[in-house]
Amino acid sequence: MELTYKTICGITASIIGTGCFIPYIRDIYKGKTQPHLYTWLIWTLLQVTGVIAMFYNGAGIGILALATGSVLCAYTCILSIKRGTKNITFFDTICLIGAIGSIIVYIVMKDPLLSIILISAIDFVGFLPTLRKAYAEPYSETVSMFAFFAFSGMFTMLALSNYTIVTALYPITLMVINVIATAVILFRRKQRPVK
């Protein structure tokens, strides 16, 4: 593999993205972070689907961080079964049903542009249970993970070999989601300092 600017950006995004999971997973094992099962299940399914769609549409090395993230999302999803939040509401269940329904639409339609639009929208919907939980329980999430994922997303964008809606929309959506999560957690922690 030739060490180009895009390769360096792809590897950097992957290192930062992988590094984001280390404190998050550590905090899960310590009981400080309680991941939301529905969010992590949705994110796992969507990242795998997004990586496949981006790969077949020329994203190149830009999918490296998302492919690595897919594996780590799956691991976090598995951890959330036993160590995740028990704060699952009717709203969360509606988000999960909507996400699964949209994935079925994606499989039936087989249109990469529509698929990426749906994946991006579903990912945001899948994020809502975690956002709701982070707002209510701001200390139940590891803020550094979301902040560094947003940072990693910039390198993912720089690493893309081909810039189209199909290759760029999903990484942009992930960056926005992570910026929102970081802001909400920090804002709520400021409102509710630890005593």
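The values are calculated or read from the model by the stated rules, or taken from the named source; none is laboratory data. Worth saying up front: this structure is predicted, and the values here are computed from it rather than measured. Methodologically, a virtual Cβ is constructed for each residue, glycine included, from the backbone with ideal geometry; neighbour enumeration extends over all protein chains shown. Ligands, DNA and RNA are excluded from the accessible area calculation, which covers all protein heavy atoms including side chains. Shrake-Rupley method; radii C 1.70, N 1.55, O 1.52, S 1.80 Å.
Tabulated values for the structure
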{"item": "Single match in Val108, Val125 (criterion: closer than 30 Å to Asn162 by Cβ, touching a helix residue (DSSP H, G or I) at 6+ places or on another chain (Cβ under 9 Å) and hydrophobic (A, V, I, L, M, F, W, C))", "result": "Val125"}
{"item": "Check on Leu66, aliphatic (A, V, I, L, M), open to solvent by less than 50 Å² (accessible area, probe 1.4 Å) and part of a helix (DSSP H, G or I)", "result": "yes"}
{"item": "Filtered residues of segment 20-41 (kept if in a helix (DSSP H, G or I) and surrounded by 15 or more Cβ atoms within 10 Å (Cβ to Cβ))", "result": "Cys20, Phe21, Pro23, Tyr24, Ile25, Asp27, Ile28, Leu37, Tyr38, Thr39, Trp40, Leu41"}
{"item": "The lone exception for Phe149 - which of (1) in contact with a Cys (Cβ under 8 Å, 6 or more places away or on another chain); (2) open to solvent by less than 40 Å² (accessible area, probe 1.4 Å) it fails", "result": "(2)"}
{"item": "Subset tally (residues that are hydrophobic (A, V, I, L, M, F, W, C) and buried (at least 20 other Cβ atoms within 10 Å of the Cβ)) for segment 73-82", "result": "2"}
{"item": "Residues (surrounded by fewer than 16 Cβ atoms within 10 Å (Cβ to Cβ) and either modelled with pLDDT of 95 or more or in a helix (DSSP H, G or I) (or both)) located in segment 177-195", "result": "Ala183, Leu186, Phe187, Arg189, Lys190, Gln191"}
{"item": "Evaluation of Leu46 against (1) open to solvent by 20 Å² or more (accessible area, probe 1.4 Å); (2) among the aliphatic types (A, V, I, L, M); (3) in contact with a helix residue (DSSP H, G or I) (Cβ under 6 Å, 6 or more places away or on another chain) (one fails), failing number", "result": "(1)"}
{"item": "Residue count, segment 103-136 (criterion: under 30 Å from Val194 (Cα atoms) and open to solvent by less than 60 Å² (accessible area, probe 1.4 Å))", "result": "10"}
{"item": "Residue match in segment 155-168 (condition: open to solvent by 50 Å² or more (accessible area, probe 1.4 Å), of a type outside the set (Phe, Trp, Tyr) and assigned to a helix (DSSP H, G or I))", "result": "yes"}
